[in-house]
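To keep things clear, I will list the structure first and then write my remarks on it.
The values are calculated or read from the model by the stated rules, or taken from the named source; none is laboratory data. In this text the structure is predicted, and so the values were computed from the model without any measurement. Cβ sites come from the backbone with ideal geometry, for glycine too, and all protein chains shown count toward neighbours. Side chains included, ligands, DNA and RNA excluded: accessible areas come from the protein's heavy atoms. Shrake-Rupley method; radii C 1.70, N 1.55, O 1.52, S 1.80 Å.
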Amino acid sequence: MRARIKEFAIADFQYIRQLDKAKKRLLGNMVNILASTTEIVKTFSKQSSLRPLLKKVGIHVKVVFWRLKVIIDEKCYEQIIQRYIQGIGWYDLQYIVFLAARRNYVEFDIIFNRVISNTQIIDLKCLGAHWTQYEILYKAYTDIISIADSKFYVR
């Protein structure tokens, strides 16, 4: 498996609307992923309004896998992304994850809200994927496929 991670700041959460049209909602934190797109955007905007002077309120992380050794199901991809978010330490942020599983690759889009509270935010200086993030992904993927193999979750 090969992976690529891209991270960039976003000015608002309207991009969620585009992702919602093109991709499947996979999971989220501090947001109801079963709600309408408008409600999801409102939830993110409400949280970011705690810091009204902030120009870049969100972080978009795009993770792409290709050359997959084994095709796994959606639940396994969910576990991989959960491990990734846990591993980078952003599990307590507000986020939503979208999935596009194609024949040759799998793509995840994660929208994080930088605003934690009216006094805490994620600094944009931390953007840019580091080798440790790739290690987290590779380990999560290999662990999940070995578990999936043993439980016959592989399709």
Within the range 135-155, which residues are of a type in the set (A, V, I, L, M), assigned to a helix (DSSP H, G or I), open to solvent by 10 Å² or more (accessible area, probe 1.4 Å) and at pLDDT below 95? I145, I147
How many residues, within the range 25-59, are open to solvent by 60 Å² or more (accessible area, probe 1.4 Å) and either acidic (D, E) or touching a helix residue (DSSP H, G or I) at 6+ places or on another chain (Cβ under 8 Å) (or both)? 4
Do we have R51 as among the basic types (K, R) and at positive phi here? no
In the range 33-134, which strands (runs of 3 or more DSSP E) lie fully inside it and hold 1 or more residues that are within 15 Å of the chain's Cα centre (by Cα), farther than 27 Å from K21 by Cβ and not hydrophobic (A, V, I, L, M, F, W, C)? none
Those residues that are modelled with pLDDT of 95 or more and among the acidic types (D, E), I need them from the range 86-124; list them, please. E107, D109
Is it true that some residue in the range 45-64 is modelled with pLDDT of 95 or more and in contact with a His (Cβ under 7 Å, 6 or more places away or on another chain)? no
